[in-house]
Amino acid sequence: MTQSSPLLIYGAYGFTGKLIVAEAVRRGLRPVIAGRNRDKTEALARQYDLEYRVFSLDDGLALRDALKEVKVILQCAGPFIHTVRPVLEACLTTQTHYVDITGEIEVFEYLAAQSGRAASRGIVLLPGSGFDVVPSDCLAAHLKSLLPDAHTLTLAFKGVSRMSRGTALTMVENLGKGGAIRRDGKIVEVPAAHEVMTMDFGDGEMSTAARIPWGDVSTAYYSTGIPNIQVFMALPKPMIEQMRQAYRWRWLLKLSIVKNYLKKQAEKRYTGPDDKLLKEGKSYLWGRVENKEGQRREARLITPEGYRLTSLTAVEIARRLLEPHQMKGFYTPSKAFGKDFILEFEGVERTDLGAVPLS
């Protein structure tokens with residue numbers, strides 16, 4: 001590995017990893033790519049004429065060796081609750097900045113708790129560098145700027161396209177855990193899809209959205225300090241009912257034999273969006289803050305399709321960490337680069353709204 005290749009992308013041959021590698025090369029970067037499958041890693045390396053490494057994240061020696069002359073690792077292999085610890089320890093040893101594309105609350109909370117260790121080693125921990133959670137995090141920070149004494153934050157999104165295998169596997173891993181909100185500064189479990197809202201995302205129709213355990217339940221707290229946070233996702237009503245049924249059977253969904261079966265099914269079924277959807281698809285976000293006096297502010301955000309946006313934001317975040325900077329410790333996207341960071345990407349629009357009551 002050479003000094004001319006300071007970025008390593010692990011999990012590069014996954015659906016999102018491939019998009020990220022393509023975007024990195026388009027931006028003029030020459031990352032080292034890595035993964036545990038030799039054939040897939042070699043094939044991708046040949047496609048772009050890139051240096052590559054083959055190793056499992058369980059192999060601490062190989063992982064540390066791969067990071068010795070790397071400034072930034074962009075980690076794309078999940079579920080991240082299983083991969084974050086070995087990668088973090090290697091980053092601390094080699095003083096490598098850590099970036100990932102997770103949306104898992106447990107991972108955000110774990111890395112936030114490691115901020116002091118990271119700062120002492122002079123490295124940055126910046127998880128959630130993709131659609132989870134760059135646009136929603138920036139929207140939260142923007143809303144906080146409109147109402148500095150906000151006490152509650154509600155976020156919602158619509159338009160996440162067909163899932164990749166990695167996303168599906170992460171969802172299977174979290175089946176049975178129910179929902180999550182932040183209440184008075186603490187994350188608490190609530191029944192899955194327990195609360196439903198009808199809202200206007202600005203796409204010409206009213207949508208039904210259910211409360212889900214999205215990453216902003218963790219990250220928005222660190223970005224804004226708002227103590228009460230919940231997140232909703234627009235879903236078909238039959239799927240909302242399925243989520244509620246799954247929660248009732250959560251004890252069964254936690255069994256290894258059931259999880260393994262569902263993971264195999266997910267690997268067969270989910271392939272991610274096609275090229276047309278990646279190019280033309282859009283995602284819609286909405287947010288509202290309210291203070292104790294009942295004053296409210298609302299805003300909407302329109303972005304490119306979620307997986308495509310992930311490739312854009314993750315590469316840009318990694319690129320910025322390759323440059324000289326003074327950051328160290330744990331960061332959310334908006335804490336690192338400001339609330340308007342998301343507006344730097346083509347196809348993103350933000351609109352401030354009045355305090356419109358929801359039905």
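Distance between the modelled labels on Asn228 and Phe345, one decimal in nanometres: 3.1 nm (7 Å Cα→Cβ projection). Summing Lys and Arg as +1 and Asp and Glu as -1 over all other residues whose Cβ lies under 12 Å from the Cβ of His325 gives a net charge of +3.
For Ser145 and Thr93 in the same chain, what is the full-extension length gain: residue separation times 0.36 nm, less their Cα-Cα distance, in nm? Spell out each step's value before the answer.
Working: separation 52, 0.36 × 52 = 18.72 nm, distance 3.74 nm.
Stretched out fully, the Ser145 to Thr93 stretch lengthens by 15.0 nm.
Return the carbon/sulfur percentage of the accessible area of region 1-151, one whole number, probe 1.4 Å, all protein chains in place. Write down the numbers at each step before the final one.
Details: 2720 of 5740 Å².
Reported share for carbon and sulfur atoms: 47 percent.
For region 95-145, the per residue solvent-accessible surface stands at 22 Å², with DNA, RNA and ligands left out and a 1.4 Å probe.
Longer than 32 Å from Cα to Cα, which of Lys40/Lys71; Lys40/Lys328; Lys68/Lys186; Lys40/Lys186; Lys71/Lys276; Lys40/Lys276 are they? Say none if no pair is. Don't skip to the end; give the middle numbers.
On the way: Lys40/Lys71 24 Å; Lys40/Lys328 34 Å; Lys68/Lys186 37 Å; Lys40/Lys186 42 Å; Lys71/Lys276 34 Å; Lys40/Lys276 24 Å.
The pairs that break the limit, which is 32 Å between Cα atoms, are Lys40/Lys328; Lys68/Lys186; Lys40/Lys186; Lys71/Lys276.
May I ask which of Lys18/Lys335; Lys237/Lys335; Lys292/Lys339 have a Cα-Cα span longer than 25 Å here?
Details: Lys18/Lys335 27 Å; Lys237/Lys335 35 Å; Lys292/Lys339 23 Å.
As for pairs spanning more than 25 Å Cα to Cα, those are Lys18/Lys335; Lys237/Lys335.
Amide H contacts of Ala12: Ala34, each under 5 Å away and 5 or more positions distant or on a separate chain (H built 1.01 Å from N in the peptide plane; Pro and chain starts excluded). Ordered from highest to lowest accessible area with the whole protein assembly present and a 1.4 Å probe, Trp286, Trp214 read as Trp214, Trp286.
Rounded to the nearest 0.05, the FRET efficiency derived from the C-beta distance between Lys186 and Asp39 at R0 = 45 Å is 0.45. In summary, the aspartates and glutamates within cross-link reach of Lys279, defined as a Cα separation below 20 angstrom excluding same-chain residues under 8 places away, comprise Glu23, Asp132, Asp203, Glu305, Glu316, Glu344, Glu346, Glu349.
Considering only protein heavy atoms, what per residue accessible area in square angstrom results for region 286-356 with a 1.4 angstrom probe? The partial results should precede the final answer.
On the way: 3140 Å² over 71 residues.
Per-residue accessible area for region 286-356 comes out at 44 Å².
The values are calculated or read from the model by the stated rules, or taken from the named source; none is laboratory data. All of these numbers come straight from a predicted model, not from anything done at the bench. Counting neighbours? That spans all protein chains shown, and the Cβs are built from the backbone with ideal geometry, glycine included. Accessible surface areas use protein heavy atoms only, side chains included; no ligands, DNA or RNA. Shrake-Rupley method; radii C 1.70, N 1.55, O 1.52, S 1.80 Å.
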